[in-house]
Amino acid sequence: MLIIGERINTSRKIKGEPVIEKAVKERDSEYIVDLARKQKEAGATYIDVNAGTLTEGEPEALGWLVTTIQNALDVPLSIDSPNLEAVQRALKVHKGQAFINSVTAETARLESTIPLIKEFGAKIVALCMDDAGIPHDYEGRIRIARVLIEKLTNAGIKPEDIYIDPLVYPVATGPQYGKAVLDTIRTVKAERPDVQTIAGISNVSHGLPARKFLNQAFTVMCLEAGIDAAIIDPLDRQLMALIYASEAILGKDEFCAGYLSAHREGRLEEAK
């Protein structure tokens, strides 16, 4: 499974303090590179960068994040913003194939984002949301997923670069939300195996105590449903260990090569 590290987000607080936002505002490259490096070493394939709380200087901040991280590390990034000016600024300085995180089926947003996807050859996170909002049920989400796939592929976007995100709601707000994501993933993979699926896992546990247990359980369930990528905290070693183990059991890790590699590198030690 493709792992996108979620920790470089200016809305994220550590012990109640806006540490990431402070680091970005002060252009603390040492802190940001260290955080990116730790995620990469923990198994992240991509690093997500989000400066959404910097409403006055988001384009400059995203561009700085991309340049700072890629000058220090050989790692591709996920450009996380609904602000197309900020996304374009970041893509112009990005090395290699980036993720654009994200687009929806909202008419204006989709039409304005497609040219950027094509110009930069980016992968795209496509959210199951349209002009009417986010459906609460599985049926509404799969309907939007089909529209997104049709419009993006008709525009010339490669199916393998399209990552359908069912949108994870907290299960504390409705018992149907976890299953709606799992059913959407299964249906997309059954109907269009050439299209990818993705989810922001940690949203499932918002508002509940001991969130790691919910995140870990939900990740394993998503893997069984066929998910291709996940936006997670790769520094949660127990979560990463469960991913390696689940992929081995589900036959997604030939000869358990990934699991054995993780063990040799000491990434399973805290999962004893």
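The values are calculated or read from the model by the stated rules, or taken from the named source; none is laboratory data. Keep in mind that this is a model prediction, so the values were computed, not measured. Note: ideal-geometry Cβ built from the backbone for every residue, glycine included; neighbour counts use all protein chains shown. Just so you know, the surface numbers come from the protein's heavy atoms only, side chains and all, with ligands and any DNA or RNA stripped out. Shrake-Rupley method; radii C 1.70, N 1.55, O 1.52, S 1.80 Å.
Based on alpha-carbon centroids, what's the gap between the stretch 7-44 and the stretch 123-146 in Å, whole number please? Answer, in whole Å: 30. Summed over qualifying helices (DSSP H, 4 residues or more, each -39500 (n - 2.57)) and divided by its residue number, the chain shows a 222 nm mean residue ellipticity of -15000 deg cm²/dmol. Taking every protein chain into account, the 1.4 Å probe leaves Glu224 with about 100 Å² of accessible area, to the nearest ten. Accessible surface area normalised per residue over the stretch 170-225 is 46 Å², counting heavy atoms of protein chains with a 1.4 Å rolling probe.
Accessible-area rank, largest first, for Lys38, Lys25: Lys25, Lys38, with all protein chains present and a 1.4 angstrom probe. Taking all protein chains together, Tyr259, Tyr169 sort by accessible area into Tyr259, Tyr169, largest first [probe 1.4 Å]. Sequentially through the stretch 5-22, phi angles give Karplus couplings (6.51, -1.76, 1.60; θ = phi - 60°) of x, 9, 7, 8, 9, 5, 7, 7, 10, 10, 6, x, 9, x, 5, 5, 4, 4 Hz, Gly and Pro residues having no value and appearing as x. Think of a 1.4 Å ball rolled over the protein heavy atoms: the stretch 29-163 then has 42 Å² of accessible area per residue. Taking the centroid of alpha carbons for each part, the stretch 220-259 and the stretch 160-209 are 16 Å apart. Relative contact order, whole percent, for the chain stands at 15, derived from Cα pairs under 8 Å and 6 or more residues apart. Within the shell of other residues whose beta carbon sits under 15 angstrom from the beta carbon of Pro59, the net charge comes to -1, with Lys and Arg scored +1 and Asp and Glu -1.
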